[in-house]
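Q: Here it is, the structure, as C-alpha cells.
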Amino acid sequence: MKTDISISKCDHAGNETIRYPAVVMNSDDQEVVVEARFGLEGRQVGSMHIDTNDRFVETYYPDRWYNMHAVFGAETDEFKGWYCNITYPPEIGRDLITYRDLALDLVVSPGGVQTVLDEDDFEALDIPEADRRKALDALAALRKEFSDRLGI
C-alpha cells in the first residue's frame, strides 16, 4: 500500500532548506523508495536538465551517506538519469524522511557519464574531518556502484 510521506532536505547543520510531499512505493529495513514531483523552477545540473514536475524516484538508505534519485521527464516519462546527494545518513520516520545535505552531488547520465558537482561548496563546509572522509568515501562507493551497474 502506498502511503504519503514528507521529505525534509536540510543543510549540513540541520536547518531545513526545503520540504516536499512524496509517496512511499517500497519500504524495508534496507531502503525506502519514494516518488515525488520536482516542485522548483527548472534548472541545469551537470549534463541533466530538470524541469518543473519531473518525476523523481528517490531511494534512501538508513545506513548510507547518500541518496539516489532516478529522474524521469514530466511530459514523456523519459529516463533522464540519476541525481545523487552526498548526505549524512537520513532519519527515516513513519511520516518524514530528513536528510542533511553535504553539498556534493553526483549526476549520472543514462549512458553512464558521471559528473561530480559542488566540490568547492563541500570543501567550504565546517564539518569534522571524520565526516568529510565518510562523505568522500560515500562518493567513491557511489561512483563505483554506477560503474559496476552500467559496466563502465
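Q: From the list 113, 108, exactly one residue is modelled with pLDDT under 95 and over 22 Å from residue 13 (Cβ atoms). Which is it?
A: 113
Q: Tell me, which residue of the stretch 57-73 that is more than 11 Å from residue 108 (Cβ to Cβ) and free of Cβ contacts under 8 Å to residues at least 24 places away in the same chain is least open to solvent (accessible area, probe 1.4 Å)?
A: Checked the stretch 57-73; the qualifying residue least open to solvent (accessible area, probe 1.4 Å) is 73.
Q: In addition: Consider the stretch 142-152. How many of its residues are touching a residue at least 12 places away in the same chain (Cβ under 8 Å) and either farther than 24 Å from residue 111 by Cα or within 19 Å of the chain's Cα centre (by Cα) (or both)?
A: Within the stretch 142-152, residues that are touching a residue at least 12 places away in the same chain (Cβ under 8 Å) and either farther than 24 Å from residue 111 by Cα or within 19 Å of the chain's Cα centre (by Cα) (or both) number 5.
Q: Could you give me the residue pairs with C-beta distances under 7 Å whose first residue belongs to the stretch 3-16 and is in contact (Cβ under 8 Å) with a residue 40 or more places away in the chain and open to solvent by less than 30 Å² (accessible area, probe 1.4 Å), whose second residue is in a strand (DSSP E or B) and of a type in the set (Asp, Glu) wherever it lies, and which are 6+ apart or on separate chains?
A: Cβ pairs passing all conditions: 8/16; 10/16; 10/101.
Q: Shifting gears a bit: Looking at the structure I just gave you, is residue 131 modelled with pLDDT under 95 and open to solvent by 20 Å² or more (accessible area, probe 1.4 Å)?
A: In short, no.
Q: A follow-up question, please. Among (1) under 14 Å from the mean Cα position of the chain (by Cα); (2) touching a residue at least 60 places away in the same chain (Cβ under 8 Å), which single condition is residue 96 missing?
A: Of everything listed in (1) under 14 Å from the mean Cα position of the chain (by Cα); (2) touching a residue at least 60 places away in the same chain (Cβ under 8 Å), residue 96 misses just condition (1).
Q: Residue by residue through the stretch 17-50, note down the ones that are touching a residue at least 40 places away in the same chain (Cβ under 8 Å), open to solvent by 60 Å² or more (accessible area, probe 1.4 Å) and assigned to a strand (DSSP E or B).
A: Of everything in the stretch 17-50, just one residue is touching a residue at least 40 places away in the same chain (Cβ under 8 Å), open to solvent by 60 Å² or more (accessible area, probe 1.4 Å) and assigned to a strand (DSSP E or B), namely 17.
Q: Scan the stretch 79-92 and report the pairs whose first residue is within 16 Å of residue 64 (Cα to Cα) and whose second residue is of a type in the set (Gly, Ala, Ser) and buried (at least 17 other Cβ atoms within 10 Å of the Cβ), with Cβ atoms within less than 8 Å and a gap of 6+ or a chain change.
A: Taking only residues 6 or more apart or on different chains, the pairs are 86/103; 86/135; 86/138.
Q: If I ask for residues that are open to solvent by 40 Å² or more (accessible area, probe 1.4 Å) and at positive phi, which ones from the stretch 74-128 would you list?
A: Answer for the stretch 74-128, where residues must be open to solvent by 40 Å² or more (accessible area, probe 1.4 Å) and at positive phi: 77, 118.
The values are calculated or read from the model by the stated rules, or taken from the named source; none is laboratory data. The shown structure was predicted, so the numbers you read here are calculated from the model rather than taken from an experiment. As a convention, Cβ positions derive from the backbone with ideal geometry for all residues, glycine included, and neighbour counts pool all protein chains shown. Just the protein is used for accessible areas: all its heavy atoms, side chains included, with ligands, DNA and RNA removed. Shrake-Rupley method; radii C 1.70, N 1.55, O 1.52, S 1.80 Å.
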